[in-house]
Each structure stands twice: as C-alpha cells, then as structure tokens.
Amino acid sequence: MHFVRSVALRAVLGMALAVLGSGARAAGPAAATASLSVPSPDWRDQVIYFLMTDRFDDGDPGNNDHGAGEFDPSSNAKYSGGDLKGVARRLDYIRDLGATAIWITPPVANRWWDAGSRYGGYHGYWAENFMAVDAHYGSLDDYRQLSDRIHAAGMYLVQDIVVNHTGNFFSYAGGWDRANPAAHFQLQPDAQGRTAPTQPPFDRNDARDPGDRKAAIYHWTPTISDYGNPDQESNFQLADLDDLNTENPVVRDALRQSYGYWIREVGVDAFRVDTAFYVPPDFFADFLYSDDPRYPGIARVAALTGRRNFLAFGEGFGIDKPYSDVLERKIDRYMRDAHGKPLLPGMLNFPLYGTLADVFARGRPTAELAYRIRSMMQLHAQPWLMPSFVDNHDVDRFLAGGGQDALKQSLLAIMTLPGIPTLYYGTEQGFSEQRGAMFKAGFGSAGKDHFDTGAPLYQFIRRTTALRRTNRVFSRGTPTVLRGNAAAAGVLVYRMTQGHDTAIVVFNSSDHEALLDNLETGLRSGTVLEGLFGIDAAPPDVVVGAGGRMTMTLPARSGLVWKPARRIAAVPTVPAAVTLEALRDGDFGDDFEVHGIARDVPEFKLVVDGDLAAAQTLRPGPDGRWSAQVDTGSMVDPSIRHSLVAWSPQAVSANRSFRVARQWTVLADVSDPRGDDRGPNGRYRYPTDAGWSANRPLDIEGVRVSGAGGALRIELRMHKLVAAWNPPNGFDHVAFTIFLQLPGAAGGIDVMPFQNARLPDGMRWNYRLRTHGWSNAVFAAAGASASQDGTSVTPAAGIVVDQARNTVGFTLPAGSLGGLKSLSGVKLYVATWDYDGGYRALTPLAQSSAFSGGDGAFDPLVMDDTAVITLP
C-alpha cells in the first residue's frame, strides 16, 4: 500500500498528537515523580511474572461494569474485574515467588465488546486509544502508583504494547477490491456506538472518505486468509483487527509518541511487543532508535529517564518442527537485520517453548531439545535477552496436556538456560484453564482465591528462581550440550559455563529409571561435583571418573544440578570390565543378537536407549562370554539411531549404535462417506469464516490402519487439509480425537471428555489421542471423566502431514499403549471438531468462529466420525 508523505499532513497530525499528549498529562496528577524513573537492570538476571490484568486480582470492584454488556465473570469472553489496584496489592506474592519484573497485558483504552465475534477486549489488545488507561483497569494515577510500588519493591514494570493494529472498527465482510478500498467497506460500531478510535490520527479510518484514504493511516485490507503469504502477513488484518500502515511516517510518529508517553509518565521499564511478525522488521529500527526531536525512538526516550538498557521484546509465534530452524531464523530477523544492525533486543523464544513441551510433556526424544539449545546459541546474537516460557495466554496451559513432573522439568530448564525465564500467572497454583482468574469472583476460579504461597508448585518455583538468582552461571553462562537421547525420552545433559564458573544440568525425561553412561564431562578426572539442586532434593556429591567420564543411574522424571568443587578426589581403580562387540553395518529389519565378554561381573544389564526399566539382566558363562537377543518391536522410525550398552554398577561397556527399519502391515483400510461432516442428524454448520466453510476440513473420507508389532499407525484421509495459520503440526481448522480400546484391558470408560458424548457401539477407551495444529497429547483413561482428560501418557504420536494427498498420519509406539505386543483386537474410533483453548464453541446461530446448529452446553461436539474399527 502506498502512502502520502505530505509534509503538511504530517505537521497537522503532529500538532494533534502534541495536543493529545499534553492533554493526557494534564488529566492525571502532576508529572511523573523521580521514584518512577529507575536505572535499567541487567535483564539477563531477571525473572518475569506475566499476568493478564483482568484475570489477576480485583482491587476496585467499582470499575468493573460500565454498562456496555461487557462485564460477566461467568464468561471467558467478557471482563472479569481484575485491575491495576489488584496487581498492586499482590506484589509481595509475586516477589516472594522470586520474580523480579512484572509484565502486564496492555492497560490502554480498548474496544470493550465485538458483536461480530461475540468476544470482549478484556485482554487489552484491541486499542481505541493508545494513550489512555482503560476504565476497567483504573486511572493514570493508579498506574503510576503501581509503577512506584513495583520499583520500591526492587522490581521492574513490563508493559505489553501493540503496534500492528487497533480494535475492529471496520471490515470487508462483503468482499474486497484492492484497487478500490471504498468498495464493500463497512464500519463496525462498538458497544458505545463508536466507529473509530478516539485518538488521532487513528480516528481517520473510513476508506469511503477521500481524506482518510489519502492519509493512509491504515492498510485498507481484509482479514488474513493465508498466514504463509508475506503480503497478507504484513498488510492484511490479523483476526479482523484494523491493520495499521506502519510504513507511513505519520503512523510511526504517533506510535513513538504514544509509547514514549508511558515511559515518561508512568516509568515503564520494558515493552513486550505484540504480533511483531505482522509489521516489517525495519519498523523497529525507527520505533526504537529514531532521532526525531519531536517523537524520538523509544530507546532514546528511555535513556532520558535513566533507562539505558531499555528492553523491548517481540512476539513472533513460530514453532519449528524437530531439527528445523526455519522459524528460528525468521525470529532472528526481528532482532537484527541482514547487516547485523540491531532491531528488537529480544524476541519471545517460541521455538524453545515448543521443543520443551514436545520433550518433557509429550515424551519426544531429548535429542530434539539438545538440537534446539545448540541452534538457539548459534543463530541468535543475544539469546540471554530472549524471554523463555512454558505457557502463556495464547497457548494451552502446560498442565492441559502435560503432567506436573513434566512441568517441573520444563521450569528447571528455563531457569538454567540462557533467556529471561517468564512465568505465566497461575502456573504456580497448578492452573489448567488458559485464562482463568486468580481471584474468587473471576472467570474459572471455582469461587476461591488462588494466592496460596504454600502451594507445592509455588514452593518449587521459588526454589528454582533462587537457584538462578544465586548462580549467575545460569543467567549469563553459555550451554554446551553433552548428551541427548535420539530415540526416546530419557537423558539430557548440558554444561553451563561463565568464565571459570561451571555447572552440570542433568534430566531424565522418561517415566522410568534411565542410564547415563560414558558421559564426557570435559572436567578433570577426580573432580568432585557438589549437589546443588534437585527437583525432589539436592543430589549427593559425585566424583568424575577416569578420562573425565561419568556413568550413573537417574530416577524417573528427575532434574539434577551439580557444580564442581575446588577439591580433587582419588579415582579408584576398578578391575571389573564388560565388553560389547561392535555391531554389523546396515539397518536391522527385526530382532538381532549381540555378544560380549565380562570379567569380575557376575551380573549386568543390557540397556537399550538408556531404558533401565526394560533392560535385560544377563549372567556371563564360566568363560565370561555372553550373548543376548535385542527386541526391536517398539522401534518404528528408521531414521533414528538407537544406543546399546552393557552396564553394571562395577563396569560399563562402550556404547554401540544401530538403526531399525521395520516392515509395516496394513490392518484396515476403511472409507467414510463424503459430505457427512454435519454433526448429529446433519444439523451442524461450519463457522462462517471461509477457512472452514469453503474447505470443510473436518470431513473424514477414509482411515488406514497399519501395525508393526505393537506399534500403531493411523492415516486419515480428509476432504481438505488446510494450514492457513502456519501451525507447527502442519494442519489447522480441525482437531482429531482418536479413542483406542485394548483387548483385555481393564478400566476403560465410554465418555468422551469435554465433547458431551459417549462412544458408540459399547466401546470403552483405554487411550485417547487429542491433537490439533498446536497441540498433541495422549491420555490414559485413569482419572478421565466428562470434564477431565485423564492421565497424560508419553510419548505422544508422531505426526506426518501430506497436504497434496490431504492425509495426516499418527504413529504411536508400543510404549504409548502400555507396551502392547500385538494390535489384534484393538478397537479405534475417530471424531473431528476444532480446538481453541478447549473444544470450539457450538452455538444455535451462525458465527464467524463458532460451529452452529446446536447448544455447546449439552449437544455433542462431533462434526464427523468413523464407525468403530476392530483390527484383525
């Protein structure tokens, strides 16, 4: 979109901005006090607590309801009542957790209700005035008092900001003509009847007005339909939100003016920049570093208040597939340009977030996290300034798809790796509701406050923040990955180093005891490693063995940290030995035999992929020789290199590696009627948004089931697979729920959690797969009910998508199904719906983002399903 660089227009709008700025200052108490201006910290050493203001605490019930139909704590779509005074009165709770900075969602005046989407602006990202405090949160004076109290507590204030869009005040619902932006243009009144933001120049939003079109404050465009299209990503509307023309110097002036205001007047210490991917990277060079004397760049404004290391970090929602760095590189382009010129100091580390969840919550091989750690250190100049996290307000809570043991491991990882650890409110209280309220009157609170400092997760996080803050090697050091398991959940080891300071961090992500063998520590033989931290308790001291190697057993779901002491211990000489002969070259197609010799070892274990629970116990013959058969039944990926070692507490062999290429057998190939994606009795309809209605992505057309021993592969043939939103799993606009009944297994149930339905034909499920574009989880039936998923199981399914064939495949190893040896008699049933922080809404009347034709409170959330399939 071209825009006008008229000096006269810019001068007029500049005057409007200046008037607005002075008026805003006059509206509150006298200008900001010195207590609001504090020097920047070293952000590498900080721990951020991220809270959604409306859902955190309600300090002033008098500002909750403004009579626009926007307030209803029983609805996730409306305001609940949290405000700035509520945050202020909970500072001790946040500080005692170990956080040193508080990130709040945008406090600016918002569009309160959008009738089209049936959703409210309680979250703060639908601005109508970037230089005013929203009435639901309090006043400018309330915000200043919060800032003052945060600084008095030795903490720092991070404000969420938006530079890409305003609220939804116009649309092109009837069509769009690039050459004529006035055609099909519609204004969208808010709950107060306003059809434009109140702040100049953003009030110039009517494409039918020649003057507004010439001012070019907005891109006159419709909603993004293809997130893989760079033009749409930069210039179209994100989720119907009016897209600002950030190439226009007038818009850039207004945004610098607006956000410089909060630094000067409130004392904000850092910005989180929402939806950074949807503006060109070079925008941030101007936004942060412009030398315009009237509206200087944000970093320059901050420097004038004593903040010489002002932190601005952006949101770029990008989760890479395993062993890929495509989106990691895209994120880096927002921190520095092709010539190395600095842009944003940091970006949220979404690729690390995705891999942490895959490895710790979904049981993926730890080598995937080893790769991610190496990659982020190689690609990014300052990974120490990239906030790391395990969940947030835009993704499922960690505990919605993973267990508490996995959550603790993920939290320990972000506390011991480069990046600014960021804790999403409620994690310390065990929340699984994405945007549930902490205060008892708010949404999803179950009628009670959730500020329990004695809660187990609160106490655990407090220990991890103390570990990081008292050991700078974690906040400022550099990791070297020493070990990862390429085949399965299990061992991950990295060494953190800063100068002469060193620490060793060790995880076992599996649900069983694991073997860490022959680890090359890089430390001197005899070095004493002092136990510093453990998820359950600090580990005992250990001594590095001959050649700087270590071998040890690790408890299930453990996370352990050691630091080298200055003392050196003697390394005992061990006469015992066990050997494992080298394996033949080439892949194995089935089970195979191995051989070796043991000396002074009466008994040992043959350990595959570090799994001590499944290890064979062997006894050598009188001459010390031994042989054994290696079971390859659960090895389903021919690209994975497995490990094999003979081990006893007295001796360990060399580690041998091998690969397995098994044969898959088709067990069922079933067609499903086309066009039956209309719910029970054919009465449901897709959301009116074209992504659903034009593609019918929930229509199942066939199921092919294959097996290899106890491993299961399910391939679904769909009417149309789409990936418009760039989902990491390769498809969106559909969620698959697959139920499995195992022959002879006890404890199955017939209820379909959260879907208002029961399984057909008397089927009872033992395992359930639930996956969509951004999540992939497997649950056992234990603990499941109509409102509970059940018990999380790892590893989750491997996913393979073929867009050309419209197929999506799920591979579950036998270990995910309780160590199943045969698939004979297994029953399966597949249902489709969609998922967005929960199964997507079903309403009586048509909506753009909800299914229609029923009542989601009690009608089944099933758009299409298969018959029950029984495997021969």
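The values are calculated or read from the model by the stated rules, or taken from the named source; none is laboratory data. None of the values given here were measured: they were computed from a predicted structure. All Cβ positions, even for glycine, are placed from backbone atoms using ideal geometry, and neighbour counts span all protein chains on display. Heads up: the accessible areas ignore ligands, DNA and RNA and are worked out on the full protein's heavy atoms, side chains in. Shrake-Rupley method; radii C 1.70, N 1.55, O 1.52, S 1.80 Å.
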* **Relative contact order of the range 668-730, defined on C-alpha pairs under 8 angstrom at six or more residues apart (%)** => 33 percent
* With a ≥ b ≥ c taken as the square roots of the eigenvalues of the C-alpha gyration tensor of the range 669-739, please select rounded if a/c is under 1.5 and otherwise prolate if a/b is larger than b/c or oblate if it is not? => oblate
* Asked: Label points 7 Å out from Cα along the Cβ direction at LEU845 and ARG549: separation in nm?
  -> 7.3 nm
* Asked: What are the radius of gyration and Dmax of the range 557-642, computed over its Cα atoms and given in Å?
  -> 17.1, 50
* Asked: Hey, what number do you get for the chain at 222 nm if only DSSP H runs of n ≥ 4 count, each worth -39500 (n - 2.57), divided across all residues, to the nearest 500?
  -> -5000 deg cm²/dmol
* Structure fact -> Checking the range 775-872 for trypsin sites (Lys or Arg not before Pro) in a loop per DSSP with at most 15 other beta-carbon atoms within 10 Å yields ARG805, LYS821
* Mean Cα-pair separation over length for the chain, i.e. relative contact order, pairs under 8 Å, 6 or more apart, % -> 9 percent
* Amide H neighbours of ALA735 under 5 Å, at least 5 residues apart or on other chains, H built in the peptide plane: list them. => TRP833, ASP834, TYR835
* Per residue value of the accessible surface for the chain (all protein chains in place, 1.4 Å probe), Å² -> 36 Å²
* Structure fact -> Once phi for every residue in the range 185-192 is put through the Karplus expression 6.51 cos²θ - 1.76 cosθ + 1.60 (θ = phi - 60°), the whole-Hz ³J(HN,Hα) values, with Gly and Pro written as x, are 6, 9, 8, 10, x, 8, 5, 9
* Asked: What is the calculated FRET efficiency for HIS339 to ALA613, with r their C-beta to C-beta distance and R₀ = 60 Å, to the nearest 0.05?
  -> 0.70
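In the range 446-480, which trypsin sites (Lys or Arg not before Pro) are in a loop and have at most 16 other Cβ atoms within 10 Å, using DSSP for the loop call? Intermediate values should be presented prior to the final figure.
On the way: sites: LYS448, ARG462, ARG463, ARG468, ARG469, ARG472, ARG476; in loops: LYS448.
Listed in order of number, the matching sites are LYS448.
Specify whether the C-alpha gyration tensor of the range 515-568 places it in the rounded, prolate or oblate class, a ≥ b ≥ c being the square roots of the eigenvalues: rounded for a/c under 1.5, otherwise prolate if a/b is larger than b/c and oblate if not.
Numbers: a/c = 2.75, a/b = 1.34, b/c = 2.05.
Oblate shape, in that a/c is at least 1.5 and b/c is the bigger or equal ratio.
Net charge around LYS408, counting only other residues with Cβ within less than 11 Å of its Cβ (Lys, Arg = +1; Asp, Glu = -1)? Mind dumping the intermediate values first?
Details: positive: ARG463, ARG557; negative: ASP405, ASP536.
Here the charged neighbours net out to 0.
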* Structure fact -> Each label sits 7 Å from Cα toward the beta-carbon; between THR579 and TYR289 the label points are separated, in nm, by 6.2 nm
* Asked: With the calculation restricted to Cα positions, what are the radius of gyration and Dmax of the range 90-129 in angstrom?
  -> 14.6, 42
* Structure fact -> Which residues qualify? For HIS165, with a placed amide H closer than 5 Å and at least 5 residues away or on another chain, they are LEU244
* To do: Please give every one of the lysines within straight-line cross-link reach of LYS85, meaning a C-alpha to C-alpha distance under 17 Å, and leave out same-chain neighbours fewer than 8 residues apart.
  => LYS440
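Under 37 °C and 0.692 mPa s, how fast does the range 627-764 diffuse according to Stokes-Einstein, given a Kirkwood radius computed over C-alpha pairs? Answer in µm²/s, whole number.
Values: Rh = 19.3 Å.
Result for D is 170 µm²/s.
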* Structure fact -> Expected vector for the range 805-822, Karplus 3J(HN,Hα) from phi with 6.51, -1.76, 1.60 and θ = phi - 60°, integer Hz, x for Gly and Pro, equals 9, 6, 10, 9, x, 10, 10, 10, x, 4, x, 6, 10, x, x, 4, 9, 9
* Asked: Not counting the cut sites, what is the longest span of the chain without chymotrypsin sites (Phe, Trp or Tyr not before Pro) that DSSP labels loop and that have at most 14 other Cβ atoms within 10 Å?
  -> 324-663
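Would you work out the Kirkwood radius for the chain? I mean one over the mean of 1/r across all pairs of different Cα atoms, in Å. It would help to have the intermediate numbers written out before the result.
Details: mean 1/r = 0.0344 Å⁻¹.
Roughly 29.1 Å, rounded to one decimal.
So if each residue of separation counts as 0.36 nm, and I subtract the Cα-Cα distance between GLN429 and THR870, what length gain in nm does that give?
Working: separation 441, 0.36 × 441 = 158.76 nm, distance 4.20 nm.
Computed gain between GLN429 and THR870 is 154.6 nm.
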* Compute the distribution of all C-alpha to C-alpha distances in the range 747-831, in bins of 10 Å from 0, and list the percent of pairs in each, rounded to whole numbers. => 15, 47, 32, 5
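For the range 200-260, state which trypsin sites (Lys or Arg not before Pro) are in a DSSP loop and have at most 15 other beta carbons lying within 10 Å of their beta carbon. Walk me through the intermediate numbers first.
Values: sites: ARG204, ARG208, ARG213, LYS214, ARG252, ARG256; in loops: ARG204, ARG208.
Those satisfying the criteria are ARG208.
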* Using a ≥ b ≥ c from the Cα gyration tensor of the range 737-786 (square roots of the eigenvalues), is it rounded, prolate or oblate, where a/c under 1.5 gives rounded and otherwise the larger of a/b and b/c decides, a/b for prolate? -> prolate
* To do: Among the listed pairs LYS78/LYS341; LYS448/LYS563; LYS78/LYS448; LYS341/LYS408, give every one whose C-alpha distance is greater than 31 Å.
  => LYS78/LYS341; LYS448/LYS563; LYS341/LYS408
* Over what distance in Å are the Cα centres of the range 737-805 and the range 393-411 separated? -> 18 Å
* To do: Work out from phi, with θ = phi - 60° and the Karplus expression 6.51 cos²θ - 1.76 cosθ + 1.60, the ³J(HN,Hα) of each residue of the range 285-296, listed in order in whole Hz, and give x for Gly and Pro.
  => 4, 6, 4, 8, 10, 4, 9, 4, x, 7, 10, x
* **the range 39-130: translational diffusion in µm²/s, Stokes-Einstein, Kirkwood Rh over Cα pairs, 37 °C, 0.692 mPa s** => 229 µm²/s
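Of the beta bridges DSSP finds with both residues in the chain, what % are antiparallel, to the nearest 5?
Values: 121 of 151 bridges.
Around 80 percent antiparallel, to the nearest 5.
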* To do: Quick one: Debye curve from the alpha-carbon atoms of the range 514-619 only, equal weights, vacuum; give me log10 I(q)/I(0) at q = 0.12 Å⁻¹ to two decimals.
  => -0.56
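Under 8 Å for C-alpha pairs, at least 6 residues apart: give me the relative contact order for the range 287-385, rounded to a whole percent. Mind showing how you got there, number by number?
Details: 114 pairs, mean separation 21.9, N = 99.
Averaging sequence separation for qualifying contacts and normalising by length gives 22 percent for the range 287-385.
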* Structure fact -> Taking Rh as the Kirkwood radius computed over alpha-carbon pairs of the range 395-498 and applying Stokes-Einstein at 37 °C with viscosity 0.692 mPa s, one gets a diffusion coefficient in µm² s⁻¹ of 213 µm²/s
